[in-house]
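Below is one structure, written out as C-alpha coordinates, with a few remarks after it.
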Amino acid sequence: MCLAAACASATLARRLSPSTALPRRFLLGAPTRPSPPPPLLRRCLPFHFYHMAQYWTQPSLDRNKAMVEYLKQYGAVRTDKVKEVMETIDRALFVPEGTPYIDSPMPIGFNATISAPHMHATCLELLKDHLQPGMHALDVGSGSGYLTACFAMMVGPEGRAVGIEHVPEIVASSVENVQRSAAAPLLRDGSLSFHVTDGRLGFPDAAPYDAIHVGAAAPEIPQPLLDQLKPGGRMVIPVGTYSQDLQVVDKNTDGSFSVRSDAAVRYVPLTSRAAQLQGP
(Lines give C-alpha, C1' and ligand atoms only; values in the text may rest on other atoms or scores of the structure.)
Protein backbone atom coordinates (compact mmCIF):
# COMPACT_ATOMS: atom_id res chain seq x y z
CA MET A 1 0.00 0.00 0.00
CA CYS A 2 2.94 2.25 -0.14
CA LEU A 3 1.44 4.01 -3.10
CA ALA A 4 2.08 7.50 -1.87
CA ALA A 5 1.49 10.55 -3.94
CA ALA A 6 0.96 8.79 -7.25
CA CYS A 7 -0.05 11.58 -9.58
CA ALA A 8 -3.08 11.62 -11.83
CA SER A 9 -2.47 12.97 -15.32
CA ALA A 10 1.09 13.86 -14.40
CA THR A 11 -0.10 16.44 -11.87
CA LEU A 12 1.50 16.42 -8.45
CA ALA A 13 -0.12 17.29 -5.16
CA ARG A 14 -1.90 20.66 -4.99
CA ARG A 15 -2.31 22.82 -1.91
CA LEU A 16 -5.77 24.04 -1.02
CA SER A 17 -4.82 27.70 -1.43
CA PRO A 18 -3.85 28.91 -4.92
CA SER A 19 -0.99 30.80 -3.32
CA THR A 20 0.53 27.51 -2.18
CA ALA A 21 -0.36 25.16 -5.02
CA LEU A 22 2.19 22.41 -5.58
CA PRO A 23 1.98 21.08 -9.15
CA ARG A 24 5.62 20.87 -10.13
CA ARG A 25 8.59 18.73 -11.05
CA PHE A 26 12.21 19.71 -10.82
CA LEU A 27 15.67 18.61 -11.84
CA LEU A 28 18.73 19.73 -9.97
CA GLY A 29 22.00 21.41 -10.57
CA ALA A 30 21.92 23.82 -13.50
CA PRO A 31 24.42 26.66 -13.00
CA THR A 32 22.14 29.30 -14.46
CA ARG A 33 18.48 30.16 -13.94
CA PRO A 34 16.27 30.37 -17.03
CA SER A 35 13.61 33.02 -17.44
CA PRO A 36 10.86 32.73 -14.82
CA PRO A 37 7.33 31.80 -15.84
CA PRO A 38 4.65 34.45 -16.38
CA PRO A 39 3.39 36.26 -13.25
CA LEU A 40 0.13 34.27 -13.09
CA LEU A 41 2.02 30.97 -13.20
CA ARG A 42 4.43 32.20 -10.53
CA ARG A 43 1.51 33.01 -8.25
CA CYS A 44 0.07 29.53 -8.73
CA LEU A 45 3.38 27.64 -8.51
CA PRO A 46 5.42 29.10 -5.66
CA PHE A 47 7.28 25.79 -5.34
CA HIS A 48 8.12 25.64 -9.05
CA PHE A 49 11.84 24.91 -9.57
CA TYR A 50 13.36 26.75 -12.51
CA HIS A 51 16.68 24.91 -12.46
CA MET A 52 17.02 22.21 -15.11
CA ALA A 53 19.89 19.77 -15.33
CA GLN A 54 20.99 16.23 -16.11
CA TYR A 55 19.01 13.31 -14.76
CA TRP A 56 20.98 11.84 -11.87
CA THR A 57 20.43 8.13 -11.47
CA GLN A 58 23.23 6.92 -9.17
CA PRO A 59 23.20 7.22 -5.37
CA SER A 60 25.15 10.24 -4.18
CA LEU A 61 24.90 11.99 -0.83
CA ASP A 62 26.07 15.22 -2.47
CA ARG A 63 23.23 15.06 -5.00
CA ASN A 64 20.76 14.04 -2.31
CA LYS A 65 21.81 17.04 -0.22
CA ALA A 66 21.39 19.27 -3.27
CA MET A 67 17.82 17.97 -3.65
CA VAL A 68 17.09 18.75 -0.01
CA GLU A 69 18.62 22.21 -0.36
CA TYR A 70 16.25 22.97 -3.22
CA LEU A 71 13.31 21.73 -1.16
CA LYS A 72 14.42 24.06 1.61
CA GLN A 73 14.96 26.99 -0.75
CA TYR A 74 11.42 26.72 -2.04
CA GLY A 75 9.75 26.08 1.28
CA ALA A 76 8.94 22.37 1.33
CA VAL A 77 11.65 21.75 3.95
CA ARG A 78 11.25 24.30 6.73
CA THR A 79 13.17 22.99 9.74
CA ASP A 80 16.68 21.80 10.43
CA LYS A 81 15.36 18.54 11.87
CA VAL A 82 13.67 17.55 8.61
CA LYS A 83 16.56 18.82 6.53
CA GLU A 84 19.02 16.72 8.51
CA VAL A 85 17.11 13.46 8.22
CA MET A 86 16.41 13.88 4.50
CA GLU A 87 20.10 14.59 3.91
CA THR A 88 21.07 11.50 5.91
CA ILE A 89 18.76 9.03 4.13
CA ASP A 90 19.77 8.95 0.46
CA ARG A 91 16.60 8.74 -1.63
CA ALA A 92 18.40 6.98 -4.50
CA LEU A 93 18.85 3.87 -2.35
CA PHE A 94 15.07 3.48 -2.31
CA VAL A 95 14.34 4.07 -6.01
CA PRO A 96 14.98 0.90 -8.06
CA GLU A 97 15.02 2.71 -11.39
CA GLY A 98 14.45 6.17 -12.79
CA THR A 99 15.66 9.53 -11.54
CA PRO A 100 15.64 9.56 -7.72
CA TYR A 101 16.42 13.24 -7.24
CA ILE A 102 13.60 14.61 -9.39
CA ASP A 103 10.50 15.85 -7.55
CA SER A 104 8.15 13.18 -8.77
CA PRO A 105 6.79 9.83 -7.61
CA MET A 106 8.73 6.85 -8.95
CA PRO A 107 7.51 3.26 -9.50
CA ILE A 108 8.85 0.57 -7.19
CA GLY A 109 6.95 -2.37 -8.66
CA PHE A 110 3.66 -4.14 -7.92
CA ASN A 111 1.67 -1.02 -8.86
CA ALA A 112 3.30 0.90 -6.02
CA THR A 113 5.35 4.10 -5.98
CA ILE A 114 7.71 6.04 -3.78
CA SER A 115 6.31 9.50 -3.09
CA ALA A 116 7.72 12.67 -4.56
CA PRO A 117 10.34 14.32 -2.31
CA HIS A 118 8.11 17.32 -1.59
CA MET A 119 5.43 15.00 -0.17
CA HIS A 120 7.98 13.29 2.05
CA ALA A 121 9.12 16.70 3.27
CA THR A 122 5.53 17.83 3.85
CA CYS A 123 4.65 14.78 5.94
CA LEU A 124 7.89 14.93 7.93
CA GLU A 125 7.26 18.59 8.74
CA LEU A 126 3.71 17.82 9.86
CA LEU A 127 4.86 14.94 12.08
CA LYS A 128 8.24 16.18 13.34
CA ASP A 129 7.05 17.11 16.84
CA HIS A 130 5.68 13.58 17.21
CA LEU A 131 8.93 11.96 16.08
CA GLN A 132 11.04 12.87 19.08
CA PRO A 133 13.60 10.39 20.48
CA GLY A 134 11.89 7.51 22.22
CA MET A 135 8.53 7.92 20.46
CA HIS A 136 6.69 5.31 18.38
CA ALA A 137 5.81 5.82 14.71
CA LEU A 138 3.76 3.76 12.26
CA ASP A 139 4.12 4.03 8.47
CA VAL A 140 1.08 2.51 6.74
CA GLY A 141 1.92 1.49 3.19
CA SER A 142 5.65 1.71 3.84
CA GLY A 143 6.59 0.65 0.30
CA SER A 144 10.22 1.42 -0.45
CA GLY A 145 10.94 1.98 3.25
CA TYR A 146 12.25 5.51 2.75
CA LEU A 147 9.90 7.38 5.05
CA THR A 148 9.99 4.61 7.65
CA ALA A 149 13.78 4.92 7.69
CA CYS A 150 13.44 8.68 8.22
CA PHE A 151 11.05 8.04 11.11
CA ALA A 152 13.52 5.59 12.66
CA MET A 153 16.38 8.10 12.46
CA MET A 154 14.22 10.71 14.18
CA VAL A 155 12.90 8.54 17.04
CA GLY A 156 16.27 6.87 17.49
CA PRO A 157 17.22 3.49 18.96
CA GLU A 158 15.21 4.16 22.10
CA GLY A 159 12.07 4.65 19.98
CA ARG A 160 10.21 2.40 17.55
CA ALA A 161 9.47 2.84 13.84
CA VAL A 162 7.20 0.28 12.17
CA GLY A 163 6.47 -0.03 8.45
CA ILE A 164 3.56 -2.15 7.26
CA GLU A 165 2.82 -3.23 3.70
CA HIS A 166 0.61 -5.99 2.32
CA VAL A 167 2.83 -7.13 -0.57
CA PRO A 168 5.58 -9.45 0.75
CA GLU A 169 7.91 -8.71 -2.15
CA ILE A 170 7.75 -4.98 -1.42
CA VAL A 171 8.53 -5.61 2.24
CA ALA A 172 11.56 -7.72 1.29
CA SER A 173 12.77 -4.98 -1.04
CA SER A 174 12.32 -2.27 1.62
CA VAL A 175 14.46 -4.27 4.06
CA GLU A 176 17.20 -4.53 1.43
CA ASN A 177 16.97 -0.78 0.79
CA VAL A 178 17.31 0.09 4.47
CA GLN A 179 20.23 -2.29 4.90
CA ARG A 180 22.20 -0.10 2.48
CA SER A 181 21.22 3.14 4.22
CA ALA A 182 22.21 5.07 7.32
CA ALA A 183 19.26 3.47 9.14
CA ALA A 184 20.72 -0.05 8.87
CA PRO A 185 21.87 -0.20 12.53
CA LEU A 186 18.31 0.56 13.67
CA LEU A 187 17.02 -2.32 11.56
CA ARG A 188 19.57 -4.66 13.13
CA ASP A 189 18.73 -3.67 16.70
CA GLY A 190 14.98 -4.03 16.12
CA SER A 191 13.92 -0.43 16.72
CA LEU A 192 13.04 -0.31 13.01
CA SER A 193 10.98 -3.14 11.55
CA PHE A 194 8.78 -4.00 8.56
CA HIS A 195 5.79 -6.33 8.55
CA VAL A 196 3.43 -7.87 5.99
CA THR A 197 -0.12 -7.00 6.98
CA ASP A 198 -3.21 -5.09 5.87
CA GLY A 199 -2.45 -1.45 6.57
CA ARG A 200 -6.09 -0.65 7.19
CA LEU A 201 -5.81 -2.69 10.40
CA GLY A 202 -2.67 -0.97 11.65
CA PHE A 203 -0.14 -2.84 13.79
CA PRO A 204 -1.37 -3.25 17.37
CA ASP A 205 1.81 -4.96 18.61
CA ALA A 206 3.74 -1.67 18.88
CA ALA A 207 0.78 0.62 19.62
CA PRO A 208 0.00 3.22 20.77
CA TYR A 209 1.78 5.47 18.27
CA ASP A 210 2.83 9.08 18.66
CA ALA A 211 2.88 9.45 14.87
CA ILE A 212 1.02 7.60 12.11
CA HIS A 213 1.57 8.24 8.42
CA VAL A 214 -0.67 6.70 5.77
CA GLY A 215 0.67 6.62 2.23
CA ALA A 216 -2.56 5.93 0.33
CA ALA A 217 -6.03 7.47 0.31
CA ALA A 218 -8.81 5.93 2.40
CA PRO A 219 -12.51 6.68 1.78
CA GLU A 220 -12.66 7.44 5.51
CA ILE A 221 -10.16 7.21 8.34
CA PRO A 222 -9.88 3.55 9.41
CA GLN A 223 -11.05 3.07 12.99
CA PRO A 224 -8.14 0.75 13.94
CA LEU A 225 -5.69 3.55 13.13
CA LEU A 226 -7.62 6.00 15.30
CA ASP A 227 -7.62 3.44 18.10
CA GLN A 228 -3.86 2.91 17.82
CA LEU A 229 -3.04 6.63 17.90
CA LYS A 230 -1.75 7.73 21.29
CA PRO A 231 -3.50 10.60 23.11
CA GLY A 232 -1.45 13.64 22.15
CA GLY A 233 -0.37 11.89 18.94
CA ARG A 234 -0.87 12.88 15.30
CA MET A 235 -1.86 11.07 12.13
CA VAL A 236 -1.36 12.32 8.58
CA ILE A 237 -3.62 10.56 6.08
CA PRO A 238 -5.08 11.33 2.63
CA VAL A 239 -8.85 10.90 2.75
CA GLY A 240 -11.30 10.72 -0.14
CA THR A 241 -11.85 8.94 -3.43
CA TYR A 242 -11.55 11.16 -6.49
CA SER A 243 -11.44 14.35 -4.44
CA GLN A 244 -8.88 13.90 -1.66
CA ASP A 245 -7.52 15.95 1.23
CA LEU A 246 -4.37 15.37 3.23
CA GLN A 247 -5.88 15.37 6.71
CA VAL A 248 -4.05 16.04 9.95
CA VAL A 249 -5.66 14.17 12.83
CA ASP A 250 -4.70 15.08 16.40
CA LYS A 251 -5.87 12.86 19.24
CA ASN A 252 -6.65 14.93 22.31
CA THR A 253 -5.83 13.80 25.83
CA ASP A 254 -9.52 13.05 26.49
CA GLY A 255 -9.63 10.68 23.50
CA SER A 256 -11.46 13.05 21.16
CA PHE A 257 -10.05 14.05 17.77
CA SER A 258 -9.29 17.33 16.03
CA VAL A 259 -9.13 17.08 12.24
CA ARG A 260 -8.00 19.65 9.70
CA SER A 261 -7.23 19.54 5.99
CA ASP A 262 -3.68 20.52 5.08
CA ALA A 263 -3.73 20.02 1.31
CA ALA A 264 -5.71 18.86 -1.67
CA VAL A 265 -3.82 15.83 -2.96
CA ARG A 266 -4.05 12.90 -5.34
CA TYR A 267 -3.01 9.52 -3.91
CA VAL A 268 -3.73 6.00 -5.05
CA PRO A 269 -6.28 4.16 -2.90
CA LEU A 270 -5.67 2.35 0.36
CA THR A 271 -6.98 -1.01 -0.70
CA SER A 272 -6.59 -4.77 -0.48
CA ARG A 273 -3.54 -6.64 -1.73
CA ALA A 274 -5.58 -8.31 -4.49
CA ALA A 275 -6.96 -4.97 -5.73
CA GLN A 276 -3.50 -3.39 -5.74
CA LEU A 277 -1.93 -6.22 -7.71
CA GLN A 278 -4.81 -6.14 -10.18
CA GLY A 279 -4.02 -2.49 -10.90
CA PRO A 280 -6.27 0.19 -12.42
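A few points about this structure:
- Residue count, region 187-228 (criterion: part of a helix (DSSP H, G or I) and in contact (Cβ under 8 Å) with a residue 60 or more places away in the chain): 5
For (1) open to solvent by 20 Å² or more (accessible area, probe 1.4 Å); (2) of a type in the set (A, V, I, L, M, F, W, C); (3) modelled with pLDDT of 95 or more, each residue gets a yes or a no:
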{"position": "E169", "(1), (2), (3)": "yes, no, yes"}
{"position": "A183", "(1), (2), (3)": "no, yes, yes"}
{"position": "F194", "(1), (2), (3)": "yes, yes, yes"}
{"position": "H213", "(1), (2), (3)": "no, no, yes"}
{"position": "L226", "(1), (2), (3)": "yes, yes, yes"}
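- Scanning region 246-258 for residues that are in contact (Cβ under 8 Å) with a residue 24 or more places away in the chain and in a strand (DSSP E or B) gives L246, Q247, V248, V249, K251, F257.
- Subset of region 173-197 (residues that are under 15 Å from G156 (Cα atoms) and small (G, A, S)): S181, A182, A183, A184, G190, S191, S193
- Among the residues of region 78-95, not a single one is at pLDDT below 95 and surrounded by fewer than 19 Cβ atoms within 10 Å (Cβ to Cβ).
- The set of residues from region 105-128 being under 17 Å from R234 (Cβ atoms), open to solvent by less than 10 Å² (accessible area, probe 1.4 Å) and among the hydrophobic types (A, V, I, L, M, F, W, C) comprises M119, A121, C123, L124, L127.
- Here L201, L131, L138 are screened, and the one residue that is buried (at least 24 other Cβ atoms within 10 Å of the Cβ), at pLDDT 95 or above, within 24 Å of S272 (Cα to Cα) and of a type outside the set (D, E, K, R) is L138.
- Residue check for E158: modelled with pLDDT of 95 or more, of a type outside the set (K, R), assigned to a loop (DSSP other than H, G, I, E, B) and out of contact with any Lys or Arg (no Cβ under 7 Å at 6 or more places or on another chain): yes
To keep it simple, each residue is scored yes or no on (1) within 23 Å of E69 (Cβ to Cβ); (2) of a type in the set (G, A, S); (3) in a loop (DSSP other than H, G, I, E, B).
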site: M119; (1), (2), (3): yes, no, no
site: L126; (1), (2), (3): yes, no, no
site: D139; (1), (2), (3): no, no, no
site: S142; (1), (2), (3): no, yes, yes
site: C150; (1), (2), (3): yes, no, no
site: G163; (1), (2), (3): no, yes, no
site: A172; (1), (2), (3): no, yes, no
site: V175; (1), (2), (3): no, no, no
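- Qualifying residue in region 232-245 (condition: in contact (Cβ under 8 Å) with a residue 12 or more places away in the chain, polar (S, T, N, Q), buried (at least 17 other Cβ atoms within 10 Å of the Cβ) and not in a strand (DSSP E or B)): no
The values are calculated or read from the model by the stated rules, or taken from the named source; none is laboratory data. Everything numeric in this text was worked out from a predicted model, so none of it was measured. Here Cβ is always computed from backbone atoms with ideal geometry, including for glycine, and neighbour counts include all displayed protein chains. For the accessible areas, the whole protein counts, side chains as well, though only heavy atoms, and no ligand, DNA or RNA atoms are used. Shrake-Rupley method; radii C 1.70, N 1.55, O 1.52, S 1.80 Å.
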